[in-house]
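Structure first, then comments.
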Amino acid sequence: MSLLTPEPGLVFWMSLSFGMVAFILMKYGFPVILQMVNKRKGYIDNALLAAKQAHEELDKVKENSQTILEQTRLEQAKILEAAAQSRDRILEEAKERARIEADKIITDAQKQIEIEKESAVRAIRGEIASLSVSVAEKILREKLNSEEEQSKMINRLMDEVIISKS
């Protein structure tokens, strides 16, 4: 027996053993292995599909977030514009109210000045009238010192009253 040439009985038994192992593997081992490989392939395919869907959803979320962010910026601009308009309107209203109040205060002050002016004029007229009466009294006393002058004055005043009634 040589090392490189096997005997025919050994080849027969080795072939028979190999055939039986191959048959058993084909009958019972390979279907289980193929089933596990197919199952693993399905799991990997599902995982890839889920990853692709997750990536697509992530893209959609990014797009939605960009859209929402843009809408938020537009709304912020609108709110700021409305606030500026409201501020301007409130300032204008406050200015108008202040102008009206100032006009009212000025009008009231002018009325008060006019009232005080009239009061002062009345007071001055009263003083003038009082001074006039006082001066006239002093003049009449000086002129009517004698009885004769008093009688002349009375007669003359009576004549004026009688003439004015007729």
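Since every read-out is calculated from the coordinates, none of them should be taken as a lab result. Quantities reported herein were computed from a predicted structural model and do not represent experimental measurements. Ideal geometry is used to build each Cβ from the backbone, glycine not excepted, and the neighbour counts take in all protein chains shown.
Descriptive notes on the structure:
- Cβ separations smaller than 9 Å between residues 6+ apart or across chains give the following pairs from the stretch 6-25 residues that are outside any helix (DSSP H, G or I) to residues that are surrounded by 10 or more Cβ atoms within 10 Å (Cβ to Cβ) and not aromatic (Phe, Trp, Tyr): Pro6/Met14.
- Condition met for Ser134 (of a type outside the set (Phe, Trp, Tyr) and either surrounded by 10 or more Cβ atoms within 10 Å (Cβ to Cβ) or touching a strand residue (DSSP E or B) at 6+ places or on another chain (Cβ under 7 Å) (or both)): yes
- Set side by side, the residues Ile124, Ile115, Ile90, Ile139 differ, and just one is part of a helix (DSSP H, G or I), surrounded by 10 or more Cβ atoms within 10 Å (Cβ to Cβ), β-branched (Val, Ile, Thr) and under 46 Å from the mean Cα position of the chain (by Cα), which is Ile90.
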